Amino acid sequence: MKIAVGIDIGGTNTKTILARENGEVLFSHKSFTPSVKVKGDERIENLLINNLKDFIHNATAKKVISGTSEISGIGIGIAGLIDRKNGVIIQSPNISAISGVALRGIFEKEFSLPVTLENDANAYAFGEKWIGVGKDLDSFIVLTLGTGLGGGLIYKGKLYEGPMEVGHMTIVPSGRYCTCGSTGCLESYASGRAIVDRAVSSLEKGTESLLSKCCDGNIYKITPEVVYEKALDGDSLSREVFREVGQFLGIGIANLINILGIDAVIIGGGLIGGWDMFIEELSKEVHKRAFKLLTTDVKILKSALTKDGGSVGAAGLLFSHLAGSTEQTTS
Ligand SMILES: [Zn+2]
């Protein structure tokens, strides 16, 4: 059975895995995305190449594989806009050092292997169709709730190769500032960044909350995970923050259901652990706003690929590419 590398390059972390054709993960490693270490003449692509060489070396030393010769290709998913034809990252707001880099060609040359390049949330969506909860579904959207909010669409069984920047649909006119340069984007109301911003701004205004006593009394050290813990402890502000995440996500999802006519919405990403704190409000909002006929059979599902979603999907896209190449050469 073939083995591929899957890499998910996010704004904060990079996840690298080795996966078989059936989706089984053989080996994985998480590291910081090297964007913050790029200094002077250093190139981010060289840092990424060195990281992958170390990964293959470790997998070989641990006898997971016998070396690069056992790898069929490299699938890369990355946060940002992709030029698929040329394998270039056009723009990546959270990893600015990589904008404009022709990563696919650079990796192909360095490793002498086939390489695929896709947006990270699109790769995640592909992973859900391949081996996740979307396996038997025809059309669904995947939302990845992490530092930001990503989106990927499987439509009539196929990955839609468009930008799908659902996190940047305007939800509140003249609303909160967004990292994309606009204001009032969904991501500014439903993401890890939004959870922290909303909590901190209330604390700055003097709202009483268990949050003010956490993180050594430094409210600027609050993380989404801390807000979730305090919500579990019954803290009203923390619960309200998650209720709002559900409300805004629900508005965004209602828009998507009305536009696309899909079978399901799958929610994944690093913050999916907070599911029980926002899902009720989210469902309420979806059913309040979207056309009844379009929502009756729509399932709202929790991703089962939360740990490796993007990297597994990236490996899956590579296998799919190889299968396509074979068909082309044999037909
Ligand atoms: Zn935006």
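The values are calculated or read from the model by the stated rules, or taken from the named source; none is laboratory data. As the structure is a computational prediction, the values presented were derived from the model and not from experiment. So basically every Cβ, Gly included, is an ideal-geometry build from the backbone, and we count neighbours across all protein chains shown. SASA here: full protein model, heavy atoms, side chains in, ligands and nucleic acids out. Shrake-Rupley method; radii C 1.70, N 1.55, O 1.52, S 1.80 Å.
Per DSSP H run of n ≥ 4, the term is -39500 (n - 2.57); total these for the chain, divide by its residue number, and report the mean residue ellipticity at 222 nm rounded to 500 deg cm²/dmol.
Details: 9 runs with 127 residues, N = 331.
Result for the chain, helices only: -12500 deg cm²/dmol.
Please express the shape of region 136-302 as an equivalent ellipsoid: the semi-axes are the square roots of 5 times the eigenvalues of the C-alpha gyration tensor, given largest first in whole angstrom.
29, 16, 14
On average, how much accessible surface per residue is there in region 136-302, in Å², for a 1.4 Å probe, leaving out ligands, DNA and RNA?
Details: 7830 Å² over 167 residues.
With the other protein chains kept in place, region 136-302 gives 47 Å² per residue.
For region 227-306, applying the loop criterion from DSSP together with a ceiling of 16 other beta carbons within 10 Å to the chymotrypsin sites (Phe, Trp or Tyr not before Pro) yields 291.
Going from most exposed to least, what order do 57, 321 have by accessible area with a 1.4 Å probe? Please list the in-between numbers first.
Details: 57 125, 321 85 Å².
From most exposed to least exposed: 57, 321.
Given R₀ = 35 Å, what would the calculated FRET efficiency be for residue 41 paired with residue 61, taking r from the Cβ atoms and rounding to 0.05? Efficiency, rounded to the nearest 0.05: 0.70.
Take the Cβ-Cβ distance between residue 13 and residue 110 as r, set R0 to 25 Å, and report the resulting FRET efficiency rounded to the nearest 0.05.
Details: r = 22 Å, r/R0 = 0.88.
According to the calculation, E is roughly 0.70.
Antiparallel as a % of all DSSP beta bridges within the chain, to the nearest 5?
Details: 27 of 47 bridges.
If we restrict to bridges inside the chain, about 55 percent are antiparallel.
Accessible surface computed residue by residue for region 1-100, with neighbouring protein chains in place and a 1.4 Å probe, gives 50 Å² per residue. Could you tell me the calculated FRET efficiency between residue 243 and residue 32, based on Cβ-Cβ distance and R0 = 41 angstrom, to the nearest 0.05? Working from the Cβ atoms, E equals 0.80. Using alpha carbon centroids, what distance separates region 233-294 and region 89-104, in Å? Answer, in whole Å: 30. Evaluating 6.51 cos²θ - 1.76 cosθ + 1.60 at θ = phi - 60° for every residue in region 162-169, the Karplus couplings come out as x, x, 6, 7, 5, x, 10, 7 Hz, glycine and proline recorded as x.
When the accessible area of the chain is split by element with a 1.4 Å probe, what percent falls to carbon and sulfur? Spell out each step's value before the answer.
Working: 7810 of 15460 Å².
Ligands and nucleic acids excluded, carbon and sulfur reach 51 percent.
State the extension gain, in nm to one decimal, for the chain segment bounded by residue 22 and residue 86, taking 0.36 nm per residue of separation less the distance between their alpha-carbons. Intermediate results must be reported in sequence, preceding the final value.
Details: separation 64, 0.36 × 64 = 23.04 nm, distance 2.84 nm.
Contour length minus the Cα-Cα distance gives 20.2 nm.
Phi-derived couplings, Karplus 6.51 cos²θ - 1.76 cosθ + 1.60 at θ = phi - 60°, listed residue by residue for region 194-209: 5, 4, 5, 4, 5, 5, 5, 5, 5, 5, 4, 7, x, 4, 6, 6 Hz, with x used for Gly and Pro.
Each listed q (0.08, 0.10, 0.12, 0.16 Å⁻¹) maps to a log10 I(q)/I(0) for the chain, found by the Debye formula over equal Cα scatterers with no solvent: -0.39, -0.60, -0.85, -1.35.
The distance between label points at residue 54 and residue 99 comes to 2.7 nm (points 7 Å beyond Cα on the Cα→Cβ vector). Where does the Debye-calculated log10 I(q)/I(0) of region 56-108 sit at q = 0.17, 0.25 Å⁻¹, using only Cα point scatterers of equal weight, no solvent? Cα-only, vacuum Debye calculation for region 56-108: -0.64, -0.87.
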